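The values are calculated or read from the model by the stated rules, or taken from the named source; none is laboratory data. Treat the numbers as computed from the prediction; the structure is a model and nothing was measured. Here the Cβ is made from the backbone with ideal geometry for all residues, glycine too, and neighbour counts use every protein chain on show.
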Amino acid sequence: MRHREGHSEMSRDFASNNAAIVRGYTWHVYPDPATPGVLAGDNPFGTDESPGLDRGPTTPPEGVKNFWLTTKTTPGLENHAYGNAFLVLTEAPEPPKVVAGWGIEAARLDDSFQLDQRGDRWVRLVRVVQSTQTPWGPIQECEFQVDRT
């Protein structure tokens, strides 16, 4: 990959070559360990497919642009959860609708955020666009570079 200067040029190059730029409001969605079945591989949207670190998520529900499985050791994710959780991007600064047994809070990301999808596929934070005050607290709107398969 050659050197790129500036975010707008970087976004165009990544989007046209080997990655896409995804923008959305960031939420940390985590399981409540006291709820039966939540830690057995369910996902927060109630679909039948269990999440996995080695594959992408199912189709996002309405209002959700994308979501990725995270762990307690995901670099740059300052939220903490027991076991696996999700970083969810929404179209609007409103929390996603999840099934019972899942908690939601604003995601707290720093510049080092990156998520290994399959060994050579990554999701990386490009920039925090803005922080918006909502009834749920301040929510970050972010841009991510998402490697394509």
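Here are the numbers for the structure shown:
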{"item": "Filter result (in contact with a Gly (Cβ under 8 Å, 6 or more places away or on another chain) and closer than 14 Å to residue 28 by Cβ) within the stretch 106-119", "result": "106, 109, 110, 113"}
{"item": "Meets criteria (surrounded by 15 or more Cβ atoms within 10 Å (Cβ to Cβ) and on the phi > 0 side of the Ramachandran plot) for residue 101", "result": "yes"}
{"item": "The stretch 78-102, subset among the small types (Gly, Ala, Ser) and either at pLDDT 90 or above or part of a strand (DSSP E or B) (or both), residue nearest to residue 32 (Cα to Cα)", "result": "85"}
{"item": "Test: residue 56 is small (Gly, Ala, Ser), part of a loop (DSSP other than H, G, I, E, B) and modelled with pLDDT of 70 or more", "result": "no"}
{"item": "Condition broken by residue 117, with the remaining ones in (1) closer than 15 Å to residue 144 by Cα; (2) at pLDDT 90 or above satisfied", "result": "(2)"}
{"item": "Residues within the stretch 62-77 that are closer than 17 Å to residue 143 by Cα and either touching an Asp or Glu at 6+ places or on another chain (Cβ under 9 Å) or assigned to a loop (DSSP other than H, G, I, E, B) (or both), tallied", "result": "6"}
{"item": "Residue that is β-branched (Val, Ile, Thr), surrounded by fewer than 19 Cβ atoms within 10 Å (Cβ to Cβ) and under 20 Å from residue 146 (Cα atoms), where the choices are 123, 128", "result": "128"}
{"item": "Members of the stretch 103-122 found to be part of a strand (DSSP E or B) and closer than 30 Å to residue 34 by Cα, listed by number", "result": "103, 104, 105, 106, 109, 114, 115, 116"}
{"item": "Filtered residue count, the stretch 22-35, keeping only those that are surrounded by fewer than 16 Cβ atoms within 10 Å (Cβ to Cβ) and either free of Cβ contacts under 8 Å to residues at least 60 places away in the same chain or assigned to a strand (DSSP E or B) (or both)", "result": "2"}
{"item": "Lone qualifier among 97, 65 - being touching a Gly at 6+ places or on another chain (Cβ under 6 Å) and closer than 17 Å to residue 25 by Cα", "result": "65"}
